[in-house]
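**Q** One structure, as structure tokens, below. Some questions next.
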Amino acid sequence: MPEELGGGPLFDASEKEMAAPVPADLGLGPSEQSDFELMQAIQAGEADALSQLYDRYSGILKALILRVIHNDAEADDLLQEIFMEIWSQAKNFRAQKGKPLGWMVTLARRRAIDGLRKKQAYARAGERLQLETEQQPDAWIQNITEEQISGGDTRDIVRKVINSLPPAQQQAIELAFFQGMSQREIAAATATPLGTVKTRLELGLKKIYEGLKELQHEL
Amino acid sequence: MSFEEFQNRSRLYVIGALEPEELEEFEQARKEFGQKGEDFIGECYSLHEAFALSLQPAKSSTALKDRLMKMVREKQQP
């Protein structure tokens with residue numbers, strides 16, 4: 001999968017203010033270290049920094065893994081492996097390429113999709129997803145209601161942007177991002193022409209990207 | 001390839017959704033757009049962050065963290 005996980009010089013604190021469309025951090029207290037500071041400490045071999053990063057993001061990363069592999073015990077195993085990889089590969093994190101969370105998510109997603117394929121559960125997951133999406137076209141956000149989308153919280157803001165997409169675009173992005181499916185695989189799984197899948201992905205991703213950028217400017 | 005098309009493909013690229021034939025064209029355009037293209041691709045990775053943040057965090061056991069930190073500290077020892 002053509003993804004970049006960085007590689008190169010150690011973290012440079014002067015490069016930490018990157019323009020990224022994700023609108024806000026997770027609400028750090030004044031005494032808490034930023035993600036960039038924690039990554040810097042991890043690069044210096046401070047295990048306590050990894051512990052803090054785990055407390056901050058293990059829930060999000062596990063949710064991502066579960067979205068891919070649908071098995072709690074396996075998700076825990078993968079989560080542990082991913083944090084070990086964060087520890088051992090922190091030297092390859094480059095602040096100029098984005099935020100630590102983006103780097104960790106890229107790493108976790110790749111690991112989870114690799115794990116899914118290694119288990120040869122890919123076809124079964126595809127069948128299950130096909131069934132799920134037939135039953136619930138907006139399965140990605142099925143548990144989100146308007147009442148839950150209240151301003152101020154990063155998660156709610158991001159969901160609001162995603163929620164604004166037509167269900168078919170959400171479904172295409174769900175299959176591509178969380179299941180690692182190619183356009184052809186999505187076309188086959190959803191009985192949709194390849195060109196339509198491409199258009200749905202392009203439009204959906206563009207809307208999310210631009211929506212997040214706009215929200216960032218508003219905050 | 002126009003820069004607008006390159007932007008569309010970049011967003012597909014970062015989630016691994018380009019088909020092989022598109023990937024070849026994309027890599028060629030990437031070389032042509034140089035740093036401007038690299039900067040845009042870098043920004044697109046923030047989509048990963050957004051998708052993860054859209055999920056409800058899941059709980060994991062305390063034992064898992066204890067095991068992880070034990071392994072890390074063992075690795076630290078000479």
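The values are calculated or read from the model by the stated rules, or taken from the named source; none is laboratory data. Model, not experiment: these values are computed from the prediction. FYI the Cβ positions are ideal-geometry reconstructions off the backbone, even for glycines, and counts take in every protein chain you see.
**Q** Looking at region B:6-25, which of its residues are buried (at least 19 other Cβ atoms within 10 Å of the Cβ), part of a helix (DSSP H, G or I) and touching a residue at least 24 places away in the same chain (Cβ under 8 Å)?
**A** Result: B:6, B:7, B:10, B:11, B:13, B:14.
**Q** Taking helices (runs of 4 or more DSSP H) that fall entirely within region A:1-119, which contain at least 3 residues that are acidic (Asp, Glu) and at pLDDT 70 or above?
**A** Of the helices (runs of 4 or more DSSP H) lying wholly inside region A:1-119, those with at least 3 residues that are acidic (Asp, Glu) and at pLDDT 70 or above span A:72-89.
**Q** Report, by residue number, each residue of region A:166-219 that is among the hydroxyl-bearing types (Ser, Thr, Tyr) and assigned to a loop (DSSP other than H, G, I, E, B).
**A** A:182, A:192
**Q** Please go through region B:55-67 and pick out each residue that is modelled with pLDDT of 85 or more and either closer than 15 Å to residue A:67 by Cα or surrounded by 13 or more Cβ atoms within 10 Å (Cβ to Cβ) (or both).
**A** B:55, B:56, B:57, B:58, B:59, B:64, B:65, B:67
**Q** Only one of (1) more than 8 Å from chain A (Cβ to nearest Cβ); (2) under 15 Å from the mean Cα position of the chain (by Cα); (3) modelled with pLDDT of 90 or more fails for residue B:5. Which number is that?
**A** So the condition that residue B:5 fails would be (2).
**Q** Please work out which one of (1) under 15 Å from residue A:60 (Cα atoms); (2) of a type outside the set (Lys, Arg); (3) not in a loop (DSSP other than H, G, I, E, B) is the condition residue B:60 fails and give its number.
**A** Condition (3) is where residue B:60 drops out.
**Q** Just name the residue that is surrounded by the most Cβ atoms within 10 Å (Cβ to Cβ) out of those in region A:68-117 that are basic (Lys, Arg) and in contact (Cβ under 8 Å) with a residue 60 or more places away in the chain.
**A** The qualifying residue surrounded by the most Cβ atoms within 10 Å (Cβ to Cβ) is A:109.
**Q** Which of the residues that make up region B:29-54 are over 22 Å from residue A:107 (Cβ atoms), surrounded by 14 or more Cβ atoms within 10 Å (Cβ to Cβ) and of a type in the set (Gly, Ala, Ser)?
**A** B:29, B:37
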